[in-house]
Amino acid sequence: MIGTSDFKRGAKLIIDSDPYNVVEFEHVKPGKGNAFTRTRLKNLISGQLLERTFKSGDKFKEPDLDHRDMQYLYPEGNMHYFMDTKDFEQIALDEDLLKEALPYLKENLLVEVLFFNNKAINIEIPNFVELAVTYCEPGFKGDTAQGASKPATLEGGLVVSVPLHLKEGDLLKIDTRTGAYVEKINK
């Protein structure tokens, strides 16, 4: 059981039989009345955000979650295939479940798949991935006035703003939390 006093960012709990992740919380002690905790929770299955207030001392069940390291194999139609790195079992996940991670997925990428009651409900990709540039306009000499940038399309279809000197085929380090260019990877 997890109580409101145990809340911290990333804490997981069950509300209305669904697993939730604590995104934000604030313990409030008003001058009059009982203390309470104001929270923002993210449903781990649907991704919806929920704002709720709980009385101080409320207790919740902890969800039975299983984190498995898996390797991304390939897409086929709307399904994407992953392999468990321990027992080599393969699973197929629907594209709807992967909507936020889709632009960053590439073959052999190691990810963490979250299971709730033996059903895959979420995927966590690494904070940084390496993706190749598939298309970008050429940068012209003299166009370098103070940090100029241009759009570049990466192998997953993601479009990011990059410095003018980058070209097609370059390997870039991308921050998956923000979708921003970090640096060029030298081979």
Restricting the search to region 81-131, which residues are acidic (Asp, Glu), in a strand (DSSP E or B), under 16 Å from the mean Cα position of the chain (by Cα) and closer than 26 Å to Glu62 by Cβ? Glu112, Glu124
Tell me, which residue of region 143-160 that is among the hydroxyl-bearing types (Ser, Thr, Tyr) and modelled with pLDDT under 90 is least open to solvent (accessible area, probe 1.4 Å)? Ser149
Conditions (1) farther than 28 Å from Met83 by Cα; (2) at pLDDT 90 or above; (3) surrounded by fewer than 15 Cβ atoms within 10 Å (Cβ to Cβ); (4) among the hydrophobic types (A, V, I, L, M, F, W, C); number of the one not met by Phe140: (2)
Could we say that Lys55 is open to solvent by 80 Å² or more (accessible area, probe 1.4 Å), modelled with pLDDT of 90 or more and closer than 25 Å to Asn118 by Cα here? no
Just for region 60-83: of the residues that are hydrophobic (A, V, I, L, M, F, W, C) and either touching a Ser or Thr at 6+ places or on another chain (Cβ under 8 Å) or closer than 23 Å to Lys42 by Cα (or both), which one is least open to solvent (accessible area, probe 1.4 Å)? Met70
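The values are calculated or read from the model by the stated rules, or taken from the named source; none is laboratory data. Computed from a prediction, not measured in an experiment: that's the story for all the values here. Here Cβ is always computed from backbone atoms with ideal geometry, including for glycine, and neighbour counts include all displayed protein chains. Side chains are part of the model used for accessible areas, which takes the heavy atoms of the whole protein and leaves out ligands, DNA and RNA. Shrake-Rupley method; radii C 1.70, N 1.55, O 1.52, S 1.80 Å.
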